[in-house]
Each structure stands twice: as structure tokens, then as C-alpha cells.
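The values are calculated or read from the model by the stated rules, or taken from the named source; none is laboratory data. Everything quoted here is computed from the prediction, not taken from an experiment. Neighbour counts are summed over all protein chains in view; Cβ atoms, including those assigned to glycine, are modelled from backbone coordinates with ideal geometry. Each accessible area value is taken on the protein alone, full model and side chains, heavy atoms only, with ligands, DNA and RNA left out. Shrake-Rupley method; radii C 1.70, N 1.55, O 1.52, S 1.80 Å.
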Amino acid sequence: MHASSLSRRAVLAGTAAAAAAGSLPLTQGRARAAATPEAPSGYRWRNAVQGGTGFITGVLFHPSVEGLAYLRTDIGGAYRWDDRTDRWIPLTDHIGWDDWNLLGVEAMAVDPAHPDRVYLALGTYTQSWAGNGAVLRSEDRGATWQRTDLTVKLGANEDGRGCGERLLVDPRDSDTLWLGTRHDGLLKSTDRGATWKAVSFPATPSATGQGVTLLVAAGRSVYAGWGDSNGTSGNLYRTSDGVTWEAVPGQPAGTAAKVPVRAAYDRHTRELYVSYGDAPGPNGQSDGSVHKLRTTTGKWTEVTPVKPGGPTGDGGTDSFAYGGVAVDARRPGTVVVATNNRWSLVDTVYRTTDGGRTWTSLKERAVLDVSETPFLTFGADKPKFGWWMQAVALDPYDSRHVVYGTGATLYGTRDLRHWAPQIRGVEEASVRHLVSPPAGKAHLISGCGDVGVMYHERLTASPSRGMATNPVFSTATGVSLAAARPSYVVRSGWGDHGNGAFSNDGGRTWAPFATQPAVAKSAPGPIATNADGSVLVWSFGTSDPGHRSADNGVTWSETATFPKGAKPVADPVDPARFYAFDTTTGTLFASTDSGRTFTALATGLASGDSEFQLVAAPGRSGDLWLSLKWNGLYRSTDGGAAFTKVSSCWASYALGFGKAAEGASYPAIYMVGSTENVTAVYRSDDEAKTWTRINDDRHQWGWTGAAITGDPRVYGRVYIATNGRGVQYGDPVR
């Protein structure tokens, strides 16, 4: 249950390129620096802490340096563990708007012989609308990077994203790297990732898009897992000379039809442990196994802790696969392996100390402490042990330090019994909505994918009440606050017991609407409350009429004249006024009778822009700003009767308002857009006549077009919704 889904293609764009073949260099242009140094922006940037909130797809302890580890996510970049501060340091925030597709990390690698070297393979999607992948390489543990653009695509947010690692430093030569791709076979670099070439590999890619699922060193050999069915010969390959690849002989019966998900090598016993699933995961798996190969003799042994297919006790079948696997670098024969997609009996981590002859499940004795990130209960009495457990790692310097990733966090233990999130610094939410109330305890309410709505009493700690409950939302589709009555807030989304809710205490506690329109069950769209909280307007799909309620959701009526699929916007002063922009026709609609009817006003505006935003300036009636991704910024001061283009910027992706500068009469305006040739974050203190860039090249966070808002109580503070790096907030350095 993670917001990283292919549905984001609607709001992201990329360019397709043909994959390279044969021995042609797989660099696009020349290797280049990942970010251009520049002077500080005058802002300090931090995350509004939620705590994880996304799928941890890989964790890699450095085998030669105590306390050094790296973490990857499917849409939110990579991190390095800082042992001095007990937190993760983001390494890819420099990735900008045009390179949004590179915030997904397909794989990572470290060099055991050179502790400061680290490599990342980046690329979120392999579809035609997504850009090509890239490899980042660093000589200083990710403080600075060099980048090589590939001519192939990588899929860090597609099926199989928890497999791996697909990137590996050759055990015989630190200058040689291997990169497994989904559609383009195996790539090799002999200059530490600066250039890449396709090499001969005995398996043929198919449309399923798994290709090479893992690369692992075992002694001086390299093994590769293959995710596309390969008949009866098996899906594990190896090279002993770095040139010729062959299928590993004698692979166990039944594994030819399975995907090798993860592998780990025990250098003491010279055994390679491989976890398998009938699908790459993290979803869609129902069968799997664990096998080990003694590399010196070629002998295979099945060491599956518990075979799938047994009864669940409630009449169901215990279906699941195996995911993460890790070996103890200090204790021969000590291994941990995780189940995956085991929803009925809940996933677990098994541990063996005798090479897989016997196993112990760690779940039954586990004590989970989620006090630091309370949202992990997801509205239940207590959290689950885990799900989507494909990232498992064992500290090579501490045999009792085990970590495993889930779809929402990274759990860690130091005694094999007590577990807590080891997630400080990691923020991966896909944020869609931001509200900064003008009064009350909370300065921020956020609406996200997968973790619903959060009420931030403090920006520096995960909300103490967790995600909004009653009902629980998996994904929020709308959040709206009554401008003249800020204690009243409404939200919409995909809920467990209803898809709409209201709050009378500023978003601290919630109650579901007494009823909801029938269409809300299948298409809960954005919602708005008018200035005094007396009327609600709720929008649904493009083929469904909007609905209105004047009794706090007790009853609802269709609003036939509301443009279908549009987002309702309330006037912040006049309770009788609502607005909506119909992008299909380029028409602004307005209601002056509290949402009963809507009338077309300004016409001839740009149409077809799916990423538009209509925003009402606070404290003013009829002062509207229309932000159009492809067509710039427009303003109306007469309630939408006419719009004038703002000439100071040529592209506007997100727009919001905050407290006015000292001596200014108009609110500060914040924008994600372009005034010249760079997409950045800007502030204007003079009604958009001029703009000041307030972020810098080190703080870009990929795609940031969902929402931006200033704080109405703190001049200069701005909140930015990112697609994988949570809520970023900035304050001027004074």
C-alpha cells in the first residue's frame, strides 16, 4: 500500500529513446556533473516529519566500514546512514524537475575495497512517456556525484522493484561494474560507471519487463537472477571469467518457473542463498521457496522455512512467496529471510543459525514500538509486523542488528526481539494536498497517497495522532478548510468506512459524513467547503455530476451545472461563491448561490491542461489565480469574469499564498514554475510583478507540481508537496 503507482503517468511526462544494442556505448552524450554548485538561496530546507511513509526497496550495509549503510526507495531517492546522528541523509535531492524520473532508485552498489565509492542506478518507469535511466557515481559517499545518462530505461517503481540488487562492483576488479536491466539485458562498465556497453547474455528479455532481477558476488564469480521465464534450464546464471555467462547447472526442480528475488552469499560456508517467488512482487505472489547452492560443489539444497499453501485456520490458504535474504558476515550458517505477500497470517522474518536446517520466526516474539511514527498502526490497535518485505539486511558488525523494509517504513532490532522504525531522515510520501490554517495549534495539514491526511502539531516530529482516522484513508483526494471558520475542515479520499469526513477542531479529530453520494464509493474526487463551513461541494469523475450538501454531509443533491470532474474552489470571503475551471473547454464557472448552480464566465482560456490549479487569494473576494502548466499564470479580480496573463513567468505548475511581507498589503505568493529557463521555487512580495528564487540546485526534489502554500502566520515560510520526498518546508535564513 504505497503511493508509488503507475497512475502517476498522468501528471508526469518524459521522452522515449531506443535502447542500445550490441557493443555501442550506452551513454547519452557525455558524463556530466549531477548538480551545478551555486550560492545558497537564503532559505533553510527541511522535511515536515511524517516518518518513512513509503516502500523501502533496498538496504545495503557496507561490508568494510562499520556504521555505513545505504537505503533506496522506489520513488523517493537514496539515503546514507549517518551513525553519529542516527539518521539517514538524503543523497538525491539535487535531482530537478526535468529529471523527475530519476528519483526512483532501481539499484545501488558499494565497493568493498574503496569505502568512499557508491553507485546508484536511477530510473522510475520504463514506459514510453518516461525518460531514460542514469547512473550516479560518487567518490565521497554521495556528497557529490558524477552522472552518466543511459539510453535504456529502468523501472524502480514497477513490479520487481524490491528485487536486487541489480548493480554490482565486480569482485575481481573495482573498475568493472555490472548493471542488470529489465528490457535490455546486461550492461557492463570498465571505467567505474562512466560508460556502459551491452554484453552477451544467454537469456532473452520478454514483455514482462523483469530481465535481470539480481546480481551478487560469490567469491570471484558473479551470479545473475533472471525474471522472465526461461523454460526448464532455470533462472540463475553465472560468470567465472567476467566474459562468458552460463546457466547454473542442476537448478532445483520448480524454480525454472519462479523469479529469483534476492540472493546472499555466505563466504564462510561458500553457499549462496536464493529466495524465489512465482512473481517478482511486491504484489501478486502466492508461492515461493528458498534454496542454497554450495558454490564449490554445485550442490543445491532446499531450505524453505515454511512452504506456502497450508491452511490459515479460517478456511483460507496460506499463500505467499519469499523476499529479502541476508547472511551474517561473522557467523557461518546464520541467515535471515522474509516472507512476502502473506496477508492472512502476516509476513515474518525467519532466522537460522545452522544453514537452513531449522528456522525460527521472529514475528511471534516481536515487540513493536512505533511511538516515533504512530501512523504505522493505520488506525488499528497495533501495527502489523510488516508487508512488502523484500529489503532485508544484516549488519556485518553486529549479528543482532537486523533491518527489514516494508511498504511504509524500515524496522530495525538490536536484540532480535524489540523492533522500532529506524527511519529518521527518510520521507517518501507522495503529497497531493497542503493546507496551512490561519489559526489553531497545527500549522500544516497534509493529504498524501497511501497515508491519507496528517495533522502536524509539530513540523519536527511525526504527528502524534498518526494518520487521520474515522475513517482511515489510504489516499487523500481533497482537503479543504473554511476560511472564516478555520476550525472546520473536510477531507475526501479512498476510505475504509466512507470516503468523506469532517473535523470541528481544525483537523485534530474527525467524523465521517452521515451519508455520501453513491458515486463517492468508486470515484471520490476533490471536495471544498465554503467560507463559513455551511456548504460542501464534492466533485467526482469526469462522467459524474458534482454534489452539494448544506447539512454537513447528512444529505446530498446533484449539481447538474457543475463541470464534471473539475475541482471546486471556495471564495475565502463570500460564503455564497464557489468557482471551478473546466479544462476540457477552457472555461471558468462560478456559483453565487452557495453551489446550487454554476454559470460559465470567462471562456477561451487554455484547454486540455490536466495539471492546472485554480487558487483564490486569501482575504479577498473574487481574486482568482489560474496556474496552467503549459500556458503560464493568469489572474482575475472580478470573480472569474475575465483573466489577464501574468507576464513575469512563462510556466506555473503550482501556486499558493502566505503571510505578507512587512509593509506589504498583499499576501506573499509562492510558485513552482519558470521565470526564465529553470523550473524552481519562487516567492513574490509584489503581486507577481517580480519573483525571487528561494530554492537552490541542491534542493529540487524532482517533480513538485502537486501543491505549494505559504504559512499565513509566518512570513517567508513555504510548504511544498513532492512526489516521493514528503513535505518540504523552507524558512528564510535570518
HN-Hα J in Hz across the stretch 655-660 - Karplus 6.51, -1.76, 1.60, θ = phi - 60°, x for Gly and Pro: 9, x, 10, x, 4, 5
Global form of the stretch 177-256, assessed from the alpha-carbon gyration tensor, a/c cut-off 1.5: oblate
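For the stretch 255-293, state which trypsin sites (Lys or Arg not before Pro) are in a DSSP loop and have at most 14 other beta carbons lying within 10 Å of their beta carbon.
On the way: sites: LYS258, ARG262, ARG267, ARG270, LYS292; in loops: LYS258, ARG267, ARG270.
In loop regions of the stretch 255-293 (DSSP not H, G, I, E or B), the sparsely surrounded trypsin sites (Lys or Arg not before Pro) are ARG267.
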Which of GLY726, SER522, VAL535, positive extreme of dipole for the chain (C-beta unit charges): GLY726
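State, as an integer percentage, the relative contact order of the stretch 581-734 based on alpha-carbon contacts under 8 Å between residues 6 or more apart. Mind dumping the intermediate values first?
Values: 378 pairs, mean separation 21.8, N = 154.
Once normalised by length, the contact order is 14 percent.
Compute the length gained on full extension between LYS382 and VAL714: take 0.36 nm times their separation in residues and subtract their Cα-Cα distance, giving the result in nm to one decimal. Intermediate values should be presented prior to the final figure.
Details: separation 332, 0.36 × 332 = 119.52 nm, distance 3.65 nm.
Result for the pair: 115.9 nm of gain on full extension.
Want the number for ARG698 to VAL346: 0.36 nm per residue separation, take away the alpha-carbon distance, what's left? Present the calculation step by step, with values, prior to reporting the outcome.
Values: separation 352, 0.36 × 352 = 126.72 nm, distance 4.03 nm.
In short, 122.7 nm is gained.
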Within the accessible area of the stretch 521-674 (1.4 Å probe), percent carbon and sulfur: 51 percent
Solvent-accessible area, 1.4 Å probe, carbon plus sulfur percent, for the stretch 165-257: 50 percent
Peptides ranked, highest mean first, by Cβ atoms within 10 Å: ranges 530-541, 674-685: 530-541, 674-685
Approximate spin-label separation ALA439-THR584, in nm, with each point projected 7 Å along Cα-to-Cβ: 4.1 nm
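Report the charge-dipole magnitude of the chain in Debye, nearest 20, computed about the Cα centre from +1 at each Lys and Arg Cβ and -1 at each Asp and Glu Cβ. Intermediate results must be reported in sequence, preceding the final value.
Details: 71 positive and 70 negative charges, 149 e Å.
Roughly 720 debye for the chain.
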Whole-Hz ³J(HN,Hα) from phi, Karplus 6.51 cos²θ - 1.76 cosθ + 1.60, for the stretch 705-718, glycine and proline x: x, 6, 6, 8, 8, x, 8, x, 10, 10, 4, x, 6, 9
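By the gyration tensor of its Cα atoms, with a ≥ b ≥ c the square roots of the eigenvalues, what is the shape of the chain: rounded for a/c under 1.5, prolate for a/b over b/c, or oblate? Write down the numbers at each step before the final one.
Working: a/c = 2.05, a/b = 1.67, b/c = 1.23.
Prolate is the answer for the chain, as a/c is 1.5 or above and a/b outweighs b/c.
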Computed magnitude of the charge dipole of the stretch 455-611 (debye, nearest 20; Cβ of K, R +1, Cβ of D, E -1): 280 debye
Note, ³J(HN,Hα) from phi for the stretch 418-433, Karplus 6.51, -1.76, 1.60, rounded to Hz, x at Gly and Pro: 8, 10, 8, x, 10, 10, 4, x, 8, 9, 10, 4, 8, 9, 10, 9
Separation between Cα centres of the stretch 185-222 and the stretch 288-304, rounded to whole Å: 22 Å
Burial ranking of peptide ranges 507-513, 491-497 (average Cβ count within 10 Å, highest at the top): 491-497, 507-513
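Under the definition of Cα pairs under 8 Å and six or more residues apart, what whole-number percent is the relative contact order of the chain?
Numbers: 2314 pairs, mean separation 80.9, N = 734.
Value for the chain: 11 percent.
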Cα→Cβ-extended label distance, 7 Å offset, between ASP191 and ASN470, nm: 6.4 nm
For the chain, accessible area per residue (1.4 Å probe, heavy atoms of protein chains only), Å²: 36 Å²
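Please work out the FRET efficiency for the pair THR460 and SER665, using the Cβ-Cβ distance as r and a Förster radius of 25 Å; give the result to the nearest 0.05.
Values: r = 32 Å, r/R0 = 1.30.
It comes out at approximately 0.15.
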Packing-based order for 101-107, 715-721, using average beta carbon neighbours within 10 Å, highest first: 101-107, 715-721
Cα-based shape type of the stretch 576-619, given that a ≥ b ≥ c are square roots of the gyration tensor eigenvalues and the cut on a/c is 1.5: oblate
Distance in nm between pseudo-label sites at ASP369 and ASN504 (7 Å out along the Cβ direction from Cα): 3.8 nm
Long-range amide H partners of GLN422 with built H, under 5 Å: LEU410, TYR411, GLY412
